[in-house]
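The values are calculated or read from the model by the stated rules, or taken from the named source; none is laboratory data. Note that this is a predicted model, so its numbers are computed, not measured. Cβ placement follows ideal geometry from the backbone for every residue including glycine, while neighbour counts extend to all protein chains displayed.
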Amino acid sequence: MQINYRAPALRKLCPCSDDRIDPMTKGSPSAILNSSLPARFRQIRLELAREPGHPEGESRIAYVIVAPLDENDRIDAETWKKHREACRVARQRPQQPDSLGHLVHRPGGSWAFQYDAAANIPDEAGYHFGDERFVQGEYVSIREEGDMHTFRVVAVSRL
């Protein structure tokens, strides 16, 4: 499947513009100038893996994450601290508008996706995201509304 990295949702997620980086807000994410971010930032696409109800997986149930990865392809917490506003997520579901939010580091070291309060979506937690390697072909788990789902890393690209 060809991924259109210039799709409107991804331009909103991390558009190429001259907008400045604003502090993290509870509202819609502000625009980020890609060239202002460290080279370790990546765009990561996760798609639903096989599970009951989706025996072949589902490419339309996906997340697109913009986050810094360290030399071991794990989320880099130190770089995240310096660039929190730039660490974004787009939650993609069929026949629904994309939900935009932030990747947040919770007390105790866990990671979660936090959406705009107006989106009416509870935070979604990554299961051991700090230990996971974000490389193509790997699998990660995300808790959505109390249920754990497995997603496959299908693409990791430079911004």
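Would a scan of the range 108-115 turn up a residue that is crowded, with 21+ Cβ neighbours inside 10 Å, more than 16 Å from residue 149 (Cα to Cα) and touching a helix residue (DSSP H, G or I) at 6+ places or on another chain (Cβ under 8 Å)? No.
Would the range 117-131 turn up any residue that is crowded, with 17+ Cβ neighbours inside 10 Å, at pLDDT 90 or above and out of contact with any Cys (no Cβ under 9 Å at 6 or more places or on another chain)? Taking every residue of the range 117-131 in turn, none turns out to be crowded, with 17+ Cβ neighbours inside 10 Å, at pLDDT 90 or above and out of contact with any Cys (no Cβ under 9 Å at 6 or more places or on another chain).
In the range 145-159, which residues are surrounded by 11 or more Cβ atoms within 10 Å (Cβ to Cβ) and at pLDDT below 90?
The one that is surrounded by 11 or more Cβ atoms within 10 Å (Cβ to Cβ) and at pLDDT below 90: 159.
For the range 66-89, a residue qualifies if it is buried (at least 23 other Cβ atoms within 10 Å of the Cβ) and more than 18 Å from residue 35 (Cβ to Cβ), and the qualifying residues are 75, 89.
Of 50, 84, which residue is within 13 Å of the chain's Cα centre (by Cα) and either modelled with pLDDT under 90 or farther than 18 Å from residue 134 by Cα (or both)?
84
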